[in-house]
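K.L.:
Take a look at this one; I'll ask things after.
The values are calculated or read from the model by the stated rules, or taken from the named source; none is laboratory data. If you're wondering where the values come from, they're calculated on a predicted model, not measured in any experiment. All Cβ positions, glycine included, derive from the backbone under ideal geometry; neighbour counts span all protein chains shown. Just so you know, the surface numbers come from the protein's heavy atoms only, side chains and all, with ligands and any DNA or RNA stripped out. Shrake-Rupley method; radii C 1.70, N 1.55, O 1.52, S 1.80 Å.
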Amino acid sequence: MTTSPITQQIPHLIPITPRPEFAFVRGQGHELFDDQGRRYLDLIQGWAVNTLGHSPAVIQQALADQAGQLINPGPAFYNQPMLELATTLCQHSHFDQAFFANSGAEANEGAIKLARKWGQKYKQGAFKVITFNDSFHGRTLATMSATGKSAFEPLFEPKVSGFTKVPFNDLAATEQAIDSHTVAIMLEPIQGEAGVIPASTEFIQGLEQLCHQHNLLLIVDEVQTGVGRTGSLFAYQQYGISPHMMTLGKGLGGGVPISALLIDKAISCFDYGDQGGTFNGNPLMCAVANAVLAEVLKPGFLTQVKHTSHALSSGLSKLASRHGLSNVRGKGLLLALNTGNHKAPALVEQARDAGLLLNAPRPDTLRFMPALTLGQDEIDEALNILNNILEGAA
Ligand SMILES: Cc1ncc(COP(=O)(O)O)c(C=O)c1O
């Protein structure tokens, strides 16, 4: 392999994760191109972020139009894209109010703060939030503390206190964990970083009931599952529940940094100064999110996501039975495959060398989170590459 000209620049970045030694220079739709001219079929898409693929025309247009109009008047003023985005999100969910931020972690931090504020005002200072083993809610100190990843446990002590972790999909354990200080239950409808583990309908509906019984707030973290990813606009809508809060990130901006906290107005209780941020609700990012939502809300878009999901999952199931793998799981275009005896990170590297970008959230799991516009040609190409790798690895 030729050495990339970026090799000398790499030491100027703080190392935070292992990265292959090339830089991506161009992306179009489902394809990425690196600085060596190699082409990759991308089923990672910025970690389930590029809802419409790389550099779609509608995002280019929204950025150019908004950049020429108004980039950032500051968070203490209304702007039109911000108002339009809040209105669209509320009209297409059961929530009433939105707060915009820049990352999923920041939106979750806002949800945790609002729950604590509500506990202070209306529940005798209750502050504890129940979260779940193997969950992932972000990398700020509070959201790492909320996260149920065991690898986070020894890090950055002392953590933010007040999070009680219980096994996922275990209603009895959740009920047992509730005490007089509990204010909220927070979960991902599908645990993404844990390896694509869906909450069962009984579990999530049971949590809603527990919240009614014990006067708790139900928070759904839809940073990974929101904005069409699971085949409905929001995953909670498939469970027939009405949570008090929802957080969005990733796919909302189709590749640009924007996230949202959506709430039921009955629990809205921030006082001025409690919550904010310099870039929050800036028109440039909100205009992009409006453009993404306009596409996702077009008639037929989400139906097509369900068809594509079926095509990809049945292709993966066939591949799994041919190679003795198991357990294709997930919803919509957030799918995973158990790799059995094969080490998933090694498969990811082999796939990358063969021009296919995949992700392994666990040592035995491959995750598929393509753009929602994925077509049959890309599915065939990806399955073909994976099949060749698995044959070689057999
Ligand atoms: C469910 C969930 N919540 C929160 C986050 C954190 O989002 P961000 O990386 O934008 O802070 C992620 C990121 O993977 C996520 O999957």
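K.L.:
How large a share of the accessible area of the chain, in percent, is made up of carbon and sulfur atoms when the probe is 1.4 Å and the other protein chains stay in place?
P.N.:
That share works out to 53 percent.
K.L.:
So, one more: Could you give each residue of segment 95-101 its phi-based ³J(HN,Hα) in whole Hz, using Karplus coefficients 6.51, -1.76, 1.60 with θ = phi - 60°, and x for Gly or Pro?
P.N.:
Computed from phi, the couplings for segment 95-101 are 7, 10, 9, 10, 10, 9, 9 Hz.
K.L.:
Would you kindly state how much longer the chain becomes between Leu155 and Thr140 on full extension, computed as 0.36 nm times their sequence separation minus their alpha carbon distance, in nm to one decimal?
P.N.:
4.2 nm
K.L.:
Give the accessible surface of the chain per residue, rounded to a whole number of Å², with probe radius 1.4 Å and ligands, DNA and RNA excluded.
P.N.:
Counting only protein heavy atoms, the per-residue value for the chain is 45 Å².
K.L.:
Compute the separation of the alpha-carbon centres of segment 74-113 and segment 263-323 and state it in Å as a whole number.
P.N.:
So the two Cα centres are separated by 13 Å.
K.L.:
How tilted is helix 301-322 with respect to the longest principal axis of the chain? Cα atoms for both, answer in degrees (0 to 90, nearest 10).
P.N.:
Orientation of helix 301-322: about 60 degrees from the principal axis.
K.L.:
With each label point set 7 Å from Cα along the Cα-Cβ vector, what nm distance links Phe301 and Asn72?
P.N.:
In this crude spin-label approximation the distance works out to 2.6 nm.
K.L.:
Enter the angle in degrees (range 0 to 90, nearest 10) between the Cα long axis of helix 80-91 and the first principal axis of the Cα atoms of the chain, meaning the one along which they spread out most.
P.N.:
Roughly 80 degrees, rounded to the nearest 10.
K.L.:
Also, I was wondering about something else. Under a cut-off of 17 Å between alpha-carbon atoms, report the lysines in cross-link reach of Lys165, not counting same-chain residues fewer than 8 places apart.
P.N.:
Lys128, Lys149
K.L.:
Please tell me the relative contact order of segment 191-260 in percent, rounded to the nearest whole number, where contacts are Cα pairs under 8 Å and at least six residues apart.
P.N.:
The normalised contact order for segment 191-260 reaches 28 percent.
K.L.:
Starting from the Cα of His212, step 7 Å along the direction of its Cβ; do the same at Arg352; then give the gap between the two resulting points in nm.
P.N.:
My value for the distance between the label points is 4.8 nm.
K.L.:
Given H placed on each backbone N at 1.01 Å, which residues far from Thr164 in sequence or on other chains put an amide H within less than 5 Å of it?
P.N.:
Sorted by chain and number, the residues that satisfy this are Val129, Ile130, Thr131.
K.L.:
Explain nothing, just compute: Karplus ³J(HN,Hα) = 6.51 cos²θ - 1.76 cosθ + 1.60, θ = phi - 60°, for every residue of segment 26-32 in order, whole Hz, x for Gly and Pro.
P.N.:
7, x, 9, x, 9, 10, 10
K.L.:
Follow-up. Find out how many positive minus negative residues lie around Leu41, taking Lys and Arg as positive, Asp and Glu as negative, among other residues whose Cβ is under 10 Å from that of Leu41.
P.N.:
Residues near Leu41 contribute -4 overall.
K.L.:
Let me ask something additional. Against the longest principal axis of the chain, how steep is helix 57-69, in degrees 0 to 90 to the nearest 10, with axes from Cα atoms?
P.N.:
50
K.L.:
Next question, about the same structure. Given the DSSP H assignment, sum -39500 (n - 2.57) over each helix run of at least 4 residues in the chain and divide by its residue total; what's the result at 222 nm in deg cm²/dmol, nearest 500?
P.N.:
Taken over the chain, the calculation gives -11000 deg cm²/dmol.
K.L.:
Also, I was wondering about something else. Past 25 Å, Cα to Cα: identify those pairs from Lys113/Lys250; Lys265/Lys306; Lys250/Lys298, in the order given.
P.N.:
The pairs that break the limit, which is 25 Å between Cα atoms, are Lys265/Lys306.
K.L.:
Oh, and also: How high is the relative contact order of the chain, in percent, with contacts defined as C-alpha pairs under 8 Å that are six or more residues apart?
P.N.:
Taking the mean separation of contacting Cα pairs over the length of the chain, I get 22 percent.
K.L.:
For the pair Glu381 and Gln80, how long in nm is the line joining their label points, each one 7 Å along Cα→Cβ?
P.N.:
Taking the two extended label points, one gets 3.9 nm.
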